[in-house]
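Have a look at the structure that comes next, please.
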Amino acid sequence: MSATAPHEPAPLKHKATRPLSTHASEPLSGTLRVPGDKSISHRALMFGGLAVGETRIEGLLLGEDVRATAAAMEQLGATVERGADVWRVWGRGVGGLREPDDVLDLGNSGTSARLLMGVLAGQPITAFMTGDASLRRRPMNRVIEPLSRMGARVVSRSGGRLPLALTGSAEPMPIRYTLPVASAQVKSAVLLAGLAAAGETQVIEAHPTRDHTELMLRAFGAEIAVEDMAEGRLIRLTGQPELTGRPVKVPADPSSAAFPVVAALLVPGSRLTVPGVGMNPHRTGLYATLREMGAEIAFENEREEAGEPVADLVVAASALTGIEVPPERAPAMIDEYPVLAMAAACARGRTVMRGVGELRVKESDRIAAVEAGLKACGVTVESGDDWLVIEGLGHPPKGGATVATHLDHRIAMSFLVLGLVSEDGVAVDDAGPIETSFPGFVGLMTAAGASFG
Ligand code: S3P
């Protein structure tokens, strides 16, 4: 176990770009273990920092996004001990964070920025936040607006963009807030601010989003009630709980598993096992969609680990057919549309994705990035504000293009997956961002049979 310096170096703002390509590959086989869930990893570090006592985290994602959260929590006064297999956090209690003496640099991570704004809104301190070029483009008004109602004061760049300064309130007000967009980050920010408020904070979501915040806060000792109403799902949090540190076991990330799973479906003759993948029903929309397209995916050893359902995924290469993805499924697969688009390009017939406007404000404009990349690879694509239609070829595209990734890890991994079945391969201009969510991607995929370089 090695404790490192209290503050890790801030992520570099201008990293050198790292071009990378893939080629038509041998069948993928064996067992491929993907890293820990990004959403759960962020929350384990943040809630551990707000709790009293020790939070022992097993299986934490060691990607750059999560490291940015860890460094920020240290700047706010939490103690973080980094181990090879286990990380430990000692928190300062709800309301006990300290004013950071420098800017919080959240790198590429929207989850770090938005959830920490919620944490900070209920602390009587001032913090400055920034991030990389991608994060500085992303909309923060969606959290600034409810947090201001709760008493936080925020000064940001135009359009609610980073960098920003946030002064939290010593006495934040509980609010009843109906989410204007289906966003677990906004829901979580309001609930985290509500931890410091006297009284009950309520969030209503018309379209249920991932509920890791609710599940984990409850496990740390908060009182949270959830009810289904005509307007949607009502979440009620009782303010000012005593949070107590606890062990957290992080399942493998279903959003990262999506890349080897789609690769194994597409590369003929593949059969791959991805063990211990989180199967929270608010995260598994991609797997339902792929099965509807004809994918052979089995969920084996279904079990519960530390309050989250998990299963081993066993995938075999399959002939896929295009479908219309139900729009109400979008929140349960929002990060997976780019890799679904790769499967759709190879499937027989048209795939229609509607209600996906949120893709325009992710790490990149993912509708535009997918459309440009697929067109360059020889696929017919049409799009609008909140929709994307892909004309599946019924076989892999020819490829041969270099695709712009726009600082977006999921765009990079999606097109590298497509290259594994494309006659002329596919290159991406920058594979560096993969480190934000899936460190070891190239090594693990290579060990399973994928051809890079
Ligand atoms: C996340 C929520 C989603 C998702 C992101 C992680 C979370 O974002 O895209 O990768 O951990 O709460 P939105 O809340 O913006 O939909």
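For segment 382-421, with all protein chains present and a 1.4 Å probe, just round the carbon and sulfur fraction of the accessible area to a whole percent.
Answer for segment 382-421: carbon and sulfur cover 49 percent of the accessible area.
Okay, moving on. Tell me, what ³J(HN,Hα) does each residue in segment 209-214 have, in order and in whole Hz, if you take phi through Karplus 6.51 cos²θ - 1.76 cosθ + 1.60 with θ = phi - 60° and put x for Gly and Pro?
Using θ = phi - 60°, the values come out as 10, 3, 10, 4, 4, 4 Hz.
Could you give me D for the chain, from Stokes-Einstein at 20 °C and 1.002 mPa s, where the hydrodynamic radius is the Kirkwood radius over C-alpha pairs? Units µm² s⁻¹, please.
The calculation lands on 97 µm²/s.
To the nearest Å, what is the center-to-center distance of segment 348-392 and segment 101-151, using C-alpha atoms only?
29 Å
Averaging the inverse of every distinct alpha carbon separation and then flipping it gives the Kirkwood radius. What is it for segment 313-402, in angstrom units?
Working: mean 1/r = 0.0757 Å⁻¹.
13.2 Å is the Kirkwood radius here.
Just from its helices, what would the mean residue ellipticity at 222 nm be for the chain, if runs of 4 or more DSSP H residues each count -39500 (n - 2.57) and the sum is divided by every residue, rounded to the nearest 500 deg cm²/dmol?
-8500 deg cm²/dmol
Excluding ligands, DNA and RNA, what is the solvent-accessible area per residue of the chain at a probe of 1.4 Å, expressed in Å²?
Details: 16100 Å² over 453 residues.
Solvent-accessible surface per residue comes out at 36 Å².
Quick one: with all protein chains in place, what share of the accessible area of segment 38-238 is carbon or sulfur, to the nearest percent (1.4 Å probe)?
The value for segment 38-238 is 49 percent carbon and sulfur by accessible area.
Of the listed peptides 365-372, 444-451, what is their order by residue-averaged count of other C-beta atoms within 10 Å, with the highest listed first?
365-372, 444-451
Based on the mean of other beta carbon atoms within 10 Å per residue, what is the order of 210-221, 186-197, 384-395, most packed first? Let's see the in-between values first.
Values: 210-221: 21.3, 186-197: 27.6, 384-395: 17.1.
Per-residue Cβ counts within 10 Å, averaged per peptide and sorted highest first, yield 186-197, 210-221, 384-395.
If you don't mind, there's one more thing I want to ask. May I have the count of lysine pairs in the chain with C-alpha atoms under 21 Å apart, counting pairs 8 or more residues apart or located on different chains?
Number of lysine pairs found: 8.
Rounded to a whole number, what is D in µm²/s for segment 404-445 from Stokes-Einstein with the Kirkwood radius over alpha-carbon pairs (37 °C, 0.692 mPa s)?
317 µm²/s
Calculate the translational D of segment 38-238 in whole µm² s⁻¹ from Stokes-Einstein, where the hydrodynamic radius comes from the Kirkwood formula applied to all Cα pairs, the temperature is 10 °C and the viscosity 1.306 mPa s.
It comes out at roughly 96 µm²/s.
Let me ask something else. Net charge around G221, counting only other residues with Cβ within less than 11 Å of its Cβ (Lys, Arg = +1; Asp, Glu = -1)?
Details: positive: R218, R246; negative: E223, E242.
Neighbourhood net charge equals 0.
Here is a further query. Counting only the heavy atoms of the protein chains, how much of V103 is accessible to a 1.4 Å probe, in Å² to the nearest 10?
60 Å²
Another question, if that's okay. By its C-alpha gyration tensor, with a ≥ b ≥ c as the square roots of the eigenvalues, how is segment 79-150 shaped: rounded for a/c under 1.5, else prolate for a/b larger than b/c, else oblate?
Because a/c hits 1.5 or more and a/b fails to exceed b/c, segment 79-150 counts as oblate.
If you don't mind, another one. Using each residue's phi in segment 411-422, evaluate 6.51 cos²θ - 1.76 cosθ + 1.60 at θ = phi - 60° and report the 3J(HN,Hα) Karplus result to the nearest Hz, with x for Gly and Pro.
5, 4, 5, 4, 6, 5, 5, 4, x, 5, 10, 8
Go through segment 182-196 residue by residue and turn each phi into a ³J(HN,Hα) via Karplus (6.51, -1.76, 1.60, θ = phi - 60°); whole Hz please, and just put x for glycine and proline.
Running phi through 6.51 cos²θ - 1.76 cosθ + 1.60 with θ = phi - 60° gives 6, 9, 5, 5, 5, 3, 5, 4, 5, 5, 5, 5, x, 4, 8 Hz.
A further question follows. What FRET efficiency comes out for the pair E305/V103, r = Cβ-Cβ distance, R0 = 22 Å, nearest 0.05?
It comes out at approximately 0.05.
Per residue, what volume in Å³ does the Cα convex hull of segment 375-453 take up?
106 Å³
Taking R0 as 30 Å, what FRET efficiency do you get between D386 and R161 from their Cβ-Cβ distance, rounded to the nearest 0.05?
0.90
Once ligands and nucleic acids are excluded and a 1.4 Å probe is used, how much of V154 is accessible, expressed in Å² to the nearest 10?
Rounded to the nearest 10, that gives 40 Å².
The values are calculated or read from the model by the stated rules, or taken from the named source; none is laboratory data. This structure is a prediction, so every number in the text was calculated from the model and none was measured. With ideal geometry, Cβ positions are generated from the backbone for all residues, glycine too; neighbour counts draw on all protein chains shown. Side chains included, ligands, DNA and RNA excluded: accessible areas come from the protein's heavy atoms. Shrake-Rupley method; radii C 1.70, N 1.55, O 1.52, S 1.80 Å.
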